[in-house]
Structure formats: C-alpha cells, structure tokens
Amino acid sequence: MRDTLKRTTALIVLIVAFCAGVGYLVFGICTNGGKWATERVNSHIYSNGTTSTSGAILDRNGAVLVTSKDGERIYNSSRGVRMSTLHIVGDTSGFISTGTQSLYRTKLSGYNIVEGIYGILNREGKTSNITLNIDSEACRVAYNAFGEYNGAIAVYNYKTGELLCSVSKPSYDVNDVPPNLLRSEYYEGVFLDKTISGIYTPGSVMKIVTAISALQNIPDIESQTFDCDGEYEIGNGSVICFEVHNHVDFEGALNNSCNFSFADITLQLGAKKLLATAEALGFNKQLYSGDVPLKKSIFRPSDSDRVELGWAGIGQSTTLLNPSHMLGIVGAIANGGKGLAPNRVKSFSTFFGQYSPVANTWFTIDSGIAAKMKELMRSDVINRYGEYKFPDLEFCAKTGTAQLDDADSHSWLAGFSARADLPLAVVCIAENGGFGSGPATTVTNEVMQYFLDVYTK
Ligand SMILES: [Zn+2]
C-alpha cells in the first residue's frame, strides 16, 4: 500500500515536471521563436552573416527600398534614395541596429508561429513585406538639402503619428561601401540613426519646455515684462544674451529667444517645477517610437547652483535632447496637446493577415497651453524669423543654437505647419551649423515645400 502511494506520488511529480517543461518550451517558442529562428547562425536565412532571403521593404508610395532576388538583397536603383534611407532601411549585415531590416528581421523573414521558417524555405516568395510610412523621395530631398552639413531631420503627421521623412547624415551607399568606412573620421558614428540614437545639447529649442512650464506655473507670466541688458546676473555668475533686447514681454522674450528673460523665468519656476514639466513631457524616460527605443533625453536641473539652473532653463548646462523626442513635443503643441510617437511602419503581413500598427501617445499637455504655445511659435516666425523663409506653410517654430565648447554650434529647428491640409511637424539639427539657425531653416523649408507640393495639390 505504501509502495503504491510512493509510486503514485513519484508519477504525479514526473507528470507535473513534464507539463512544466512542455509549458516552458511552448512559452519560449511563442515569445522567442521568431528571434531564435532568425539568429544569424541560421544558414537558411543568412549567407556569410548577411540577410539573403527576406521580405521587401516598401515606402508609402510603393517604391521598393530593398527586396530579395535569387538569395541576394537588392536595394533601390537610385543612389540618392539608398543614401537617404540607409538608416531607416538598415544594412544587410545588421550594423545599423535600428534599421528596419534589423529591428523587424523576424517579421521580414516570414517566420510564423504555426509554420516556423518552413514557409520561407519551401514557399519561395512567401517572405513577409513591410510597408513604411516613409516617403523616400522626401528623404532624398532632405538629404540633398543638408549639402555639406551632417545632422538629422524627421517629419511626421502629428495627427496620425505617421513618420514621413527621417534622415541621418553622414550616410553611405550600401551598393558601394566606402573602403575607409570604419576608419575615416568623417564616418564616425555612421551606423547610428541620429533621429533615434542621437542626443544633443538643445540650446534654445529647450525654451519651448520652459515656456510650457511658465504657462503652467506662473499665473501672470503673460503680463510680465523683462528688461534685458545682455547679462542676467545671478549671485557671482551670469547668463549672457548675445544681443541687448531691452524691454520685452513673454512673447517678445520667446520671439527674440532672450536668455536674460528665460533665465529669470527659470529662477521664478525653480528646479522642481521645471523638472516636473520636463518629465511629464518625456525627459529622463525611456520612450518608444513603435518598436524603436529612443536614446533618453536628459534633464537634471538643481536649485543648489542658481547660475547652472539659469543655463539649464535655456537649454545649455548638462541638458541633452533626442531629436525624435522633440518631434513629439512640437507634435503635441500642434495637435491640441496630444503628443503622438512617430510611427515608422505602415503595415506588414502576418500569418493571420495584414497588420497596421497604431502610434502610441507619449504625453498630453493642457489644450489651452498647447493653443497658446502654437500662437507664440507662429509669432516667432512672423515677428522674428520671417515668413519669407517658410512660404505658404503658416509655419510655427522655435530655433536654437546649441553652443559647444570646442566646435561650431549646432543649429536646431523644431516646428510645424498650422495649415489644416498639412498637419506636419518637423525637427531638424544641422551639426556645426554655426550661429543662428541658418542651415536647419533651409533644410526644413525645402522638405516642407516638397510636402506642400505633393500633399496639398
Ligand atoms: Zn536678451
């Protein structure tokens, strides 16, 4: 009797252990199967470590950016398109980890939970394609507009989250890889998509965040005035303006990007309130643009050093900003307060049918404050930058110059069109573009004019 009990117990333990093992295996296959099957050691999918059999990547207009033929990856026939979409499409070897070929390799391989990679091996042509929201012609226009400058630009539809244009420079031609790619200083960081993995000192585009915080926390901010004499003294230090702006109100302070006024506003706010606004807008947080993790923007203001706090409020100090994150912030202002994440993928096929991802919401700001910021950024263009620089765009913007200790400043622009038929926001950074926002303004306008032509006529 005791023997029977022992055997029964042992059997039950074995059955439970077996079921747990099977469960663990099934769970593993469900969650990681695609990743395991598409590891680079799988010679069915890769030859010499590069993707040989994989689905096509198309842009929003059906242009084929890359596809497979006879076990080879074939890229778009235009060198300009290949160069400008390099970081979005990715390379065949996976050096560009945020490229679509790398991020979505499981989907592109045609792997599915029911058939595994059987579908890929036995049904030639049954790999899955991915259609992007990207307009490759817009990318080509943007890339050319950068001229000699390096940098990044991203344009998206702030109402839908569709990422229409995303370019990172320097780039190279995958069909004609430069022999000095890994050695030349020019190509340093070439595998990083700066729109996603770049962080820069924001300079005055940070005043957008400080202005939002002021509207949230300082009740009489719109009736305050400031008397800029070019230097805002704080204890034994100061924050410098590069011009003397004299008597300005809040709007005039933003129009002229007056450091004096914004240092004053920052000290009125204090580190805690400014940080609360910044964090509610995604600073110090891991943001995802669909499946794409962004490099975190960093903001660490402190009340212990008032001079440093003053500089932090105008985007200098230790503050670092990711371009795609900034796109979401201006997108929120344009979109009545709702900041959508930029969304690269339009659709892809799965075993169960076609799937279209929806853009996630990063943050929301009060709609009244969004409307006020929109008005102020429109006023920046009308009263300071000049309508003629952005013809027919009803453009709203804030420019910035990120001062660097050891090189020419980076020029920034963050803005959007207020036209109902052109709901697009844009962020552009031209590295070492020098003072003022010259090159960032030029690149932005050229790309926006392309969209104006294509999408509103
Ligand atoms: Zn000033």
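Quick notes on this one:
- Residues satisfying the stated conditions in the stretch 316-331, i.e. open to solvent by less than 10 Å² (accessible area, probe 1.4 Å) and not in a helix (DSSP H, G or I): T319, L321, N322
- Enumeration of residues in the stretch 404-421 that are outside any loop (DSSP other than H, G, I, E, B) and of a type in the set (S, T, Y): S411, S417
- Selection from the stretch 225-247 of residues that are closer than 22 Å to E308 by Cβ and more than 10 Å from the ligand (Cβ to nearest atom): E233, I234, G235, N236, G237, S238
- Among the residues making up the stretch 248-263, those that are closer than 11 Å to I221 by Cβ and within 10 Å of the ligand (Cβ to nearest atom) are A253, S261.
Conditions (1) closer than 20 Å to M326 by Cα; (2) of a type in the set (V, I, T); (3) open to solvent by less than 10 Å² (accessible area, probe 1.4 Å), marked per residue:
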position	(1), (2), (3)
E231	no, no, no
G235	no, no, no
V244	no, yes, no
A253	no, no, yes
F262	yes, no, yes
I265	no, yes, yes
L281	yes, no, yes
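- The sole residue among S304, S257, S297 that is open to solvent by less than 10 Å² (accessible area, probe 1.4 Å) and polar (S, T, N, Q) is S297.
- Test: residue in the stretch 284-292 that is farther than 24 Å from G415 by Cβ, of a type in the set (S, T, N, Q) and either open to solvent by 40 Å² or more (accessible area, probe 1.4 Å) or within 16 Å of the ligand (Cβ to nearest atom) (or both): yes
Okay, residues lined up against (1) more than 19 Å from F250 (Cβ to Cβ); (2) open to solvent by 50 Å² or more (accessible area, probe 1.4 Å); (3) small (G, A, S):
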{"residue": "D380", "(1), (2), (3)": "no, no, no"}
{"residue": "C396", "(1), (2), (3)": "no, no, no"}
{"residue": "D406", "(1), (2), (3)": "yes, yes, no"}
{"residue": "W412", "(1), (2), (3)": "yes, no, no"}
{"residue": "S417", "(1), (2), (3)": "yes, no, yes"}
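- Flag for E222 being assigned by TED's automatic domain parsing to the domain that holds S317, away from the ligand (no atom under 12 Å from the Cβ) and open to solvent by 10 Å² or more (accessible area, probe 1.4 Å): yes
- Strands (runs of 3 or more DSSP E) contained in the stretch 338-403 and holding at least 1 residues closer than 23 Å to Y450 by Cβ and of a type in the set (A, V, I, L, M, F, W, C): 338-340, 345-350, 395-402
The values are calculated or read from the model by the stated rules, or taken from the named source; none is laboratory data. Keep in mind it's a predicted model, so treat the numbers as computed, not measured. Cβ atoms come from the backbone with ideal geometry, glycine included; neighbour counts cover every protein chain shown. Heads up: the accessible areas ignore ligands, DNA and RNA and are worked out on the full protein's heavy atoms, side chains in. Shrake-Rupley method; radii C 1.70, N 1.55, O 1.52, S 1.80 Å.
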